[in-house]
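Taking it in order: structure first as structure tokens, then the write-up.
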Amino acid sequence: MRHYSSDPATGAEQTQNRTAATNPEIANPPALLEVRNLSMSFGLGQSGLLAIDKVSFAVKPGEILGLVGESGSGKSITLRSVLGLTRRYGRVNGEILWKNRDLNKLNNRDLQKIRGREIAMIFQEPMSSLNPLLSVGLQITENLRAHTGLGRAERRKKAIKLLDLVGIPSAAARLGDYPHQFSGGMRQRVMIAIALASEPELLLADEPTTALDVTIQQQILDLILALSREMGMSVIMVTHDLGVAAQTCDRIAVMYGGRLVEVGPVRNILRNPQHPYSIGLLRSVPENVPPRSELYSLPGIPPGLGNRPSGCCFAPRCPVATARCAVEKPDLFQSGEKVSLACFNPQNLLSGTPQ
Ligand SMILES: Nc1ncnc2c1ncn2[C@@H]1O[C@H](COP(=O)(O)OP(=O)(O)OP(=O)(O)O)[C@@H](O)[C@H]1O
Ligand code: SF4
Ligand SMILES: [Mg+2]
């Protein structure tokens, strides 16, 4: 788990990598990215299917925010919507504030200048995101050509350096190789090298370690952490693995049914979650149960986009739902100093878990 100190003035968690903590401007930086009431629905008009619903969060410089939740909860759509990659599928509403500009108001041409340069993304599927017909060297140098002023020889040198940085052995010799000549873990590293080519200020990492074996997973997480520290890069890390979130993130945002249900510092969310869904997620983690005992699994399945309940989306699975939950949607509110919560009936893991 990362180490923290908190800023009593703002309640904001300060990451270990922050420098010059005595300078109030640095110790209490404004958000780098602020997302306000972001909604995305597939299709247009009344029949549109709402994938994410009024999602709001902020990421500070150098901060690693984990976005966790079950499959289909809207994690990837949230990241893709930040970069304007869901526009063609439907409607995106809300504000995506980046350096005093609302990305949601930018046209595709202006957005293109920010995408891949200031904000880069590692996509969930490395193989389909790499071009199988181009060598990895070309894919990296093309990115450098698009986003930096480097000349040809410098681009080559930097591509080697990047492959080296992400741990590809004999980097110079592998520049001419194609994606299929790399293993799954190596391709994931190549994706990271491409994403990092422009030295982004914010990295959107969508399940960057899924489907990798544990050793490689650890190496890639360590790499992202080291880069965040060295380059002061902020990261939004999508994962369904709370262990990964605990190890890498400063704060965690828990997502369910297209909405954020609990957001706060990693230690608050993992040690004392208050939302019944967060509590259920935590109880499902194998490390949290005694050896040889049955693993807990949340009853039921998340609703599909077409049949989300009109009240709280978690109500059909929630052990402490009340009549109000069936008809009203809870909005996020400040619960305590640093945690935001969307629930009418918050629980306390320490004083009793809902069964
Ligand atoms: N192109 C699409 N058209 C219609 N629905 C879509 C489309 N892409 C995603 N969805 C739906 O939007 C919802 C959110 O999908 P999303 O990919 O964001 O989930 P996720 O949280 O990233 O899940 P996973 O952990 O499986 O990657 C899901 O119900 C999904 O089926
Ligand atoms: S609002 Fe109601 S149904 Fe939703 S999580 Fe809270 S208690 Fe459960
Ligand atoms: Mg996803």
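The values are calculated or read from the model by the stated rules, or taken from the named source; none is laboratory data. What you are looking at is a predicted structure, and each value in this text was computed from that prediction instead of being measured. Cβ coordinates were reconstructed from backbone atoms using ideal geometry, including for glycine residues, and neighbour counts include every protein chain displayed. Areas reflect the complete protein model, heavy atoms only, side chains present, ligands, DNA and RNA absent. Shrake-Rupley method; radii C 1.70, N 1.55, O 1.52, S 1.80 Å.
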Item checked: Estimated vicinal HN-Hα couplings, Hz - segment 253-260 in sequence order (Karplus 6.51, -1.76, 1.60; Gly, Pro = x) -> 10, 9, 10, 8, x, x, 10, 7
Next item on the list: Could you work out which residue, out of 72, 264, 336, moves most in a Gaussian network model of the chain, that is, has the largest mean-square fluctuation with Cα springs under 10 Å?
Entry: 336
Checklist line | For the chain: accessible area per residue (Å², 1.4 Å) | finding: 47 Å²
Item checked: DSSP beta bridges in the chain [antiparallel fraction, %, rounded to 5] -> 60 percent
Notebook entry, point to check: What are the principal axis extents of the Cα atoms in the chain, in Å, biggest first?
Noted result: 66, 49, 46
Check: Among the trypsin sites (Lys or Arg not before Pro) within segment 56-139, which fall in a DSSP loop and have no more than 16 other Cβ atoms within 10 Å of their own Cβ?
Finding: 99
Check: Farthest toward the dipole's positive end in the chain, which of 327, 281, 74, given Cβ charges of +1 (Lys, Arg) and -1 (Asp, Glu) about the Cα centre?
Finding: 74
Item checked: Listed residues 212, 227, 202, most fluctuating in the chain (Gaussian network, C-alpha, under 10 Å) -> 212
Next item on the list: Please give the helix 214-231 orientation as an angle from the longest Cα principal axis of the chain, in degrees from 0 to 90, rounded to the nearest 10.
Entry: 80 degrees
Checklist line | Carbon + sulfur, % of accessible area of segment 119-199 - ligands and nucleic acids excluded, 1.4 Å | finding: 54 percent
Check: If you build a Gaussian network model of the chain, linking Cα atoms that sit under 10 Å apart, which residue out of 326, 195, 153 swings the most?
Finding: 153
Check: Of 54/338; 54/105; 113/158; 105/338; 99/329; 60/161, which sit over 22 Å apart, Cα to Cα?
Finding: 105/338; 99/329; 60/161
